[in-house]
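> I have a structure here, written as structure tokens, and I will follow up with some questions on it.
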Amino acid sequence: MQTEVKTNSMTVAIADLAKEFELAPGQVTGVLDELGVAHDQSSVDVDDDTMAIVREGLTELIGSKEMSMARGRTPRDLASALGVSPPEVLKKLMSMGGATLTTTLKDEVTEKLVSSFGYAITWADSAKPKKAVVTARPEAKKSSGAQHRPPVVTIMGHVDHGKTSLLDYIRKANVAGKEHGGITQHIGAYQVELPEGRITFLDTPGHAAFTAMRARGAQVTDIAILVVAADDGIMPQTKEAISHAKNAGVPIIVAVNKIDRPDANPDKVIQQLPEFDIIPEQYGGQVIVCPVSAITGEGVPHLLEMILLQAGVMELTADPKGELKGTVIEAKLEKGRGPVATILVQEGTLHIGDALVVGSTFGRIKAMNDYLGEKLKDAGPSTPVEILGLSDVPAAGDVIEFEPDERSARAIADTRKEKVRTDSLSTADRGITLQELRARLSEGTTKDLNLIIKADVHGSVEAVRGMLEKIANEEVTVKIIYSAVGQITENDVLLASASNAIVVGFNVKPEGGAKKEAEKRKVEIRTYNIIYELIEDIEKAVKGMLEPKFEEQYLGTIEIRVRFQLSRKGIVAGCYVSDGKATRGCLCRVMRGNDQVFQGKISSLKHLKDDVKEVTVGMECGITFEGWEAFQEGDVINAYEMVLVNE
Ligand code: GDP
């Protein structure tokens with residue numbers, strides 16, 4: 001794994017450029033030719049600098065879009081001058097190597113940025129900065145009903161790296177309003193309110209919670225904050241968190257914590273990151289890295305700003321008037337209150353009095369509190385709430401659904417309970433076994449073999465990984481979702497379950513909890529002590545996954561000597577087998593000279609008066625073809641069959 005710190009080279013479609021500048025593709029290629037930039041009909045390969053020149057050229061061609069602005073502006077200024085949202089500018093900036101919203105931009109970066117929005121810049125006199133003048137830009141389209149919603153954030157990382165401290169600091173500094181005395185009711189999630197927007201934090205640090213929810217098919221997290229202690233660096237659970245987040249497709253923001261400590265070395269952490277495929281902005285990548293201290297609070301406001309920025313780039317929306325969608329974050333039975341569930345509303349709005357089905361339980365919302373313990377009447381998207389009134393305690397990850405009345409909610413919940421009893425496991429909850437994998441392959445429903453590798457020492461992890469990665473072929477991708485040193489844990493099983501993977505252990509065993517979880521979730525754990533056996537098994541699985549391949553195999557040559565009219569059976573070809581053989585039902589091509597006059601099946605085969613299965617060289621026989629009778633004397637039949645060639 002190396003780090004690329006070079007200018008990015010990219011392939012840009014001519015059609016995209018044409019669309020962006022509202023030009024004909026021919027006009028775009030014209031500009032490319034004029035600039036001497038090599039391209040083909042459909043795309044052009046360029047690095048950032050060339051791209052900026054190309055954009056300038058195209059801007060010049062369309063001519064009308066010009067803006068004037070003073071030097072030394074920030075991306076935020078640019079956004080308002082261009083009439084676009086700051087995240088839009090940031091997104092472009094990230095693709096150019098990255099910066100934060102408040103850094104002063106160099107002239108050439110500003111030019112590039114502005115031209116990427118289709119404008120040419122004229123520098124205003126920097127001594128007396130003018131307000132930027134921009135020609136009109138079409139309004140961005142907004143989908144109906146959908147509104148921006150706060151991002152939902154989970155904090156992950158190695159034990160003792162400061163996840164809890166960071167969550168606590170953020171809560172105290174931002175939500176625990178003075179009137180609440182800094183102590184808030186714990187409901188498993190909270191929201192912070194900043195001038196730029198709100199953020200919902202899931203207060204359930206730990207990868208198990210994250211993956212357990214995902215294993216149940218619920219994805220609630222939009223952004224993962226990876227906490228890495230600056231005095232300790234990347235540790236096993238950090239790696240695990242990276243795999244979990246990546247696998248869920250959740251963007252990561254790295255918080256390098258404990259920078260207040262004298263032995264802190266944040267730069268070292270940043271240098272370590274690319275090794276794990278996390279390319280920080282500093283290295284031209286897209287991952288935001290924020291040095292923080294959960295004790296002094298240094299850097300935390302910046303971290304929050306970056307979370308909102310990342311969220312802006314993701315354009316998270318939800319429709320408060322849409323169909324209700326929500327997920328249970330955690331739930332428990334409380335004395336005197338009954339079942340209490342923390343729910344994250346994802347779509348629509350939850351109202352007091354609503355009848356709900358929650359997993360296999362149901363109820364009517366009797367009371368609803370926010371994270372401060374304040375009573376709420378309704379709760380919209382990204383709002384975490386605590387609800388009372390369920391008949392039973394649901395499980396984390398259960399999905400909530402709205403029902404018109406309590407009776408129908410009960411009916412649905414009862415059916416589900418019954419179903420849970422009978423099949424004891426829902427399919428969403430299950431992993432996969434090698435055998436199932438083969439079956440799915442033959443159905444064509446899967447093409448990935450996902451693996452989690454655990455081994456006793458680093459060397460064997462690498463060895464197994466290396467060998468398994470080589471097994472892939474064009475049709476099946478062997479995807480190693482996660483590999484690490486150590487016993488097979490419950491977390492590994494959860495991750496496997498969430499991602500349809502098989503856990504492969506080399507010289508390690510599953511821990512007790514992992515075994516139980518694997519049985520419950522039907523995750524296959526395979527352990528080996530001999531590397532050769534491990535590889536062979538996976539190889540077999542991959543082969544089972546291949547599309548069956550058939551090849552034509554020659555059977556024989558038969559001459560048609562005469563046409564017989566049989567009263568009932570129609571017309572039969574009287575033949576002689578001059579080479580090899582033919583079988584009933586085999587395929588054939590009938591040739592007349594060099595022309596093929598038929599391709600299809602031999603439907604019946606007779607020798608003397610008897611139906612036979614096979615005729616061989618030197619025999620005379622009667623043949624009929626499936627759906628074809630137009631043969632002639634002298635036609636030649638080439639008989640063949642299709643055989644499976646996958647070894
Ligand atoms: P978690 O296991 O990741 O939740 O870690 P904790 O939040 O429990 O923190 C582990 C230890 O590190 C505690 O003793 C914290 O006080 C300490 N700690 C956490 N963040 C910082 C920090 O920014 N600076 C310093 N000096 N100590 C920290």
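> Report the extension gain between K509 and D611 in nm, rounded to one decimal, defined as 0.36 nm multiplied by the number of residues separating them, less their alpha carbon distance. Could the numbers behind the result be given before it?
Details: separation 102, 0.36 × 102 = 36.72 nm, distance 6.06 nm.
Result for the pair: 30.7 nm of gain on full extension.
> If I take R0 = 60 Å and measure r between the Cβ atoms of V84 and Y576 in this structure, what FRET efficiency does the formula 1/(1 + (r/R0)^6) give, to the nearest 0.05?
Values: r = 81 Å, r/R0 = 1.36.
For R0 = 60 Å, the calculated efficiency reads 0.15.
> Quick one: what do you get for the stretch 492-647 if you divide its Cα Rg by 2.2 N^0.38 Å?
On the way: Rg = 26.9 Å, N = 156, 2.2 N^0.38 = 15.0 Å.
My calculation over the Cα atoms of the stretch 492-647 gives 1.79.
> Give the Rg/Rh ratio for the stretch 325-425, taking Rg as the radius of gyration of the Cα atoms and Rh as the Kirkwood radius, to two decimals. List each step's numbers first, then the result.
Working: Rg = 12.7 Å, Rh = 13.3 Å.
My calculation of the ratio gives 0.95.
> D378 to D168: FRET efficiency via 1/(1 + (r/R0)^6), r the Cβ-Cβ distance, R0 30 Å, to the nearest 0.05? Before the final figure, lay out the partial values.
Values: r = 29 Å, r/R0 = 0.96.
Computed FRET efficiency for D378 and D168: 0.55.
> Take the cross-link list K91/K268; K543/K581; K479/K543 and give me the ones stretching past 23 Å between alpha-carbons. Each step should come with its number before you reach the end.
On the way: K91/K268 26 Å; K543/K581 32 Å; K479/K543 15 Å.
Checking Cα-Cα distances, K91/K268; K543/K581 exceed 23 Å.
> Per residue and in cubic angstrom, what volume does the convex hull of the Cα atoms of the stretch 255-344 have?
Details: hull volume 17.3 nm³, N = 90.
Taking the convex hull of the Cα positions in the stretch 255-344, it is 192 Å³ per residue.
> Label points 7 Å out from Cα along the Cβ direction at A463 and V159: separation in nm?
Placing both labels 7 Å beyond Cα along the Cβ direction yields 2.9 nm.
> Looking at the stretch 147-317, what % of its DSSP beta bridges pair antiparallel, to the nearest 5? Let's see the in-between values first.
Values: 7 of 25 bridges.
Taking every DSSP beta bridge with both residues in the stretch 147-317, the antiparallel ones total about 30 percent.
> May I pose another question? Quote to one decimal, in nm, the extra length available between M642 and D277 on full extension: 0.36 nm per residue of separation minus the C-alpha distance between them.
On the way: separation 365, 0.36 × 365 = 131.40 nm, distance 4.57 nm.
Gain in length upon complete extension: 126.8 nm.
> Here's another thing I want to ask about it. Using a Förster radius of 56 Å, what is the FRET efficiency between K321 and E533 based on their Cβ-Cβ separation? Nearest 0.05, please.
Values: r = 58 Å, r/R0 = 1.03.
That pair, K321 with E533, gives E of 0.45.
> Still on this structure, please answer the following. Starting from the Cα-Cα distance between H351 and A411, subtract it from 0.36 nm times their residue separation and give me the gain in nm to one decimal.
Numbers: separation 60, 0.36 × 60 = 21.60 nm, distance 2.10 nm.
So the extension gain works out to 19.5 nm.
Bear in mind that the values in this text are calculations on the coordinates, not laboratory data. Keep in mind the model is a prediction, meaning the values are calculated, not measured. Because the Cβ atoms are built from the backbone with ideal geometry, glycine has one as well, and the counts that use them run over all protein chains shown.
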